[in-house]
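These notes are about the structure you will find just below.
The values are calculated or read from the model by the stated rules, or taken from the named source; none is laboratory data. Since the model is a prediction, treat every value here as computed from it, not as a measurement. Reconstructed Cβ throughout: ideal geometry from the backbone, glycine too, with neighbour counts over all protein chains shown. Side chains are part of the model used for accessible areas, which takes the heavy atoms of the whole protein and leaves out ligands, DNA and RNA. Shrake-Rupley method; radii C 1.70, N 1.55, O 1.52, S 1.80 Å.
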Amino acid sequence: MIAALRTLFFLGLAIPVLSKPNILLISIDDLNDWVGCLQGHPQARTPNIDRLAKSGTLFANAHCQAPVCNPSRASLMTGRYPHSSGVYFLAPDLKKAPALRDLPTLPEVFAKEGYRTLAAGKLFHGQDQRYFQEYGGNMGGFGPRPAKKLSQPHGHPLWDWGAFPEKDEEMPDEKVADWAIEQLGWEHETSFLMGVGFWRPHVPMYAPQKWFDLFPREQIQLPKVRKNDLADISPYARNLTTLNHVAPTHSWITTAGQWKHAVQAYLASIAFADHQVGRVLNALEASPHRDNTIVVLFSDHGFHLGEKERWAKRSLWEDGTRVPLIISAPEYQGNKVSARPAELLDIFPTLLELASLPADPKQEGQSLVPLLEDPQAAWQHPALTSFGPGNIAIRTERMRYIRYADGSEELYDHRTDPDEHFNLLHQSPVSPSDRKLADELASHLPEREAPLLPGKSTGHEAFRAANDARKLSTGD
């Protein structure tokens, strides 16, 4: 008996006891709500993301803080809004922003608390090796690419779509998943924070032919597009989302007969990325870490595929801001859905609380733990999204309100108008109830907005072009 106890004692010493949960961050670049559990497109195939949602809490009304990669990821990783940092567009890098450069980012905070931090792929907007103790590489980024573009002969070199390359093994995301699978198969002496950043469905929307075969082009269902959908918004709002953008215009897409093909490519890219998510989840479930790992899956912003007569990101409408966000934590019951507005900004404080680490009172997001406990809990926090100073959207459980730099406004009621076709503030006269509701939502606008930091990017150019057009029209 004593010998048996002694054996158990020494076995216990041989097994590391991790006092903190592991954290697995899964980022998917440019993924909108075309996910099965979000019902964003009836043909979307995402069985692995859907099964993760069943094991955790799906935040079905989650939104980015900027509808473009760099500011969205900088906000998520620092806990600061773009309107606080001045990082609104693809430049500058967060370490060049005075408000952010001395702030420890999410992985740096966890490393300071004793976590082993490691990542591969895209978690930040470049130079991920600065923030993680171990970085496996970007595995090829947006490549590989054919010698000649497949579908859009002009424009930005990344804007293209079609079946390429031949094998999954040639895709960077396959290599990112391989790296994650290898890491999850190891024992770790300390708790880890692992970032797994997938590149698809970001353009170029390439994937091997077998993923296109899942979505026969002749059967593709196109997004709902209302003719003259932009007639009830201001010229400034139209200019902000059309001038000096690198994405192809909706008129070119339709005239070239490429709409179904591009939608097919996006769906194929999503299915491919979901497959890689499934490979990582399978590895986690087969690993010794399965019962002590928090999984957070998110995208950095939404994406238009013809809605509002436009393509890509960089808008303050639902298609530009809504993102998948799933949190699966061992201590919390799964298969829950919350319709409360959530922000990517909330991930950082949520993880601090789940890991029993000190909260940072200067962070601007909210811990989502109350909604993990009760998805219907009282929640007074709307989601805010900026696209340059003066342009900001407020999203509640029911409404979207947008205020632009020229003072123009939009208001959409998602109970009756989920596709945001009818701007309630364009009606003449505006109903007193709608005006009152808009004013209440406007009370959430920030009192101060950081000025735009200098930089060269599409966002800078679009913002400048919209403001120049406004000055010309008003004579300012």
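So if I place +1 on the C-beta of Lys and Arg and -1 on the C-beta of Asp and Glu, and nothing else carries charge, what would the dipole magnitude of the chain be about its Cα centre? I want it in debye, nearest 20.
640
Please state the charge dipole magnitude for segment 54-156, taken about the Cα centre, from unit charges on C-beta atoms (+1 on K and R, -1 on D and E), reported in debye and rounded to the nearest 20.
Dipole of segment 54-156, to the nearest 20 debye: 340 debye.
Place +1 on the Cβ of every Lys and Arg and -1 on the Cβ of every Asp and Glu in the chain, take the dipole about the Cα centre, and give the residue among M194, A207, L281 whose Cα lies farthest towards its positive end.
Selected residue: A207.
Using the Karplus curve 6.51 cos²θ - 1.76 cosθ + 1.60 with θ = phi - 60°, work out ³J(HN,Hα) for each residue of segment 154-163 in order, rounded to whole Hz, and write x for Gly and Pro.
After applying 6.51 cos²θ - 1.76 cosθ + 1.60, I find 10, x, 4, x, 7, 7, 6, 7, x, 7 Hz.
Quick check on the chain: helices-only [θ] at 222 nm, where DSSP H runs of length 4 and up contribute -39,500 (n - 2.57) each and the sum goes over total residues. Nearest 500, please.
It lands at -9000 deg cm²/dmol.
Counting only heavy atoms of protein chains, what accessible area per residue, in Å², does the chain have with a probe of 1.4 Å?
I get 41 Å² per residue for the chain.
Under a 5 Å amide H to amide H cut-off, with H placed in plane at 1.01 Å, what residues pair with T46 once short-range neighbours are removed?
When sequence neighbours closer than 5 places are left aside, the close amide H contacts are G36.
Can you give me the % of accessible surface on segment 68-193 that is carbon or sulfur? Probe 1.4 Å, all protein chains present, nothing else counted.
Accessible surface attributable to carbon and sulfur in segment 68-193 totals 50 percent.
As a quick test, which of the pairs K96/K167; K20/K362; K224/K456; K54/K224 have an alpha carbon distance above 32 angstrom in this structure?
Violating the 32 Å limit, Cα to Cα: K96/K167; K224/K456.
Hey, if you put +1 on the Cβ of every Lys and Arg and -1 on every Asp and Glu Cβ in segment 360-476, which of N467, P370, A393 ends up farthest toward the positive end of that dipole?
Ranked along the dipole, the leading option is N467.
Roll a 1.4 angstrom probe over the protein heavy atoms and tell me the percent of accessible area of segment 390-445 that is carbon or sulfur.
50
Please state the charge dipole magnitude for segment 223-331, taken about the Cα centre, from unit charges on C-beta atoms (+1 on K and R, -1 on D and E), reported in debye and rounded to the nearest 20.
Rounded to the nearest 20 debye, it is 480 debye.
Over segment 197-269, what percent of the accessible surface lies on carbon and sulfur atoms, probe 1.4 Å?
52
Residue farthest toward the positive end of the dipole of the chain, with Cβ of Lys/Arg at +1 and Asp/Glu at -1: which of F348, F110, A438?
Going by the Cα projections, it comes out as A438.
For the ranges 252-262, 310-320, 363-373, what's the packing order if you count other beta-carbon atoms within 10 Å of each residue, average per peptide, and put the highest first?
310-320, 363-373, 252-262
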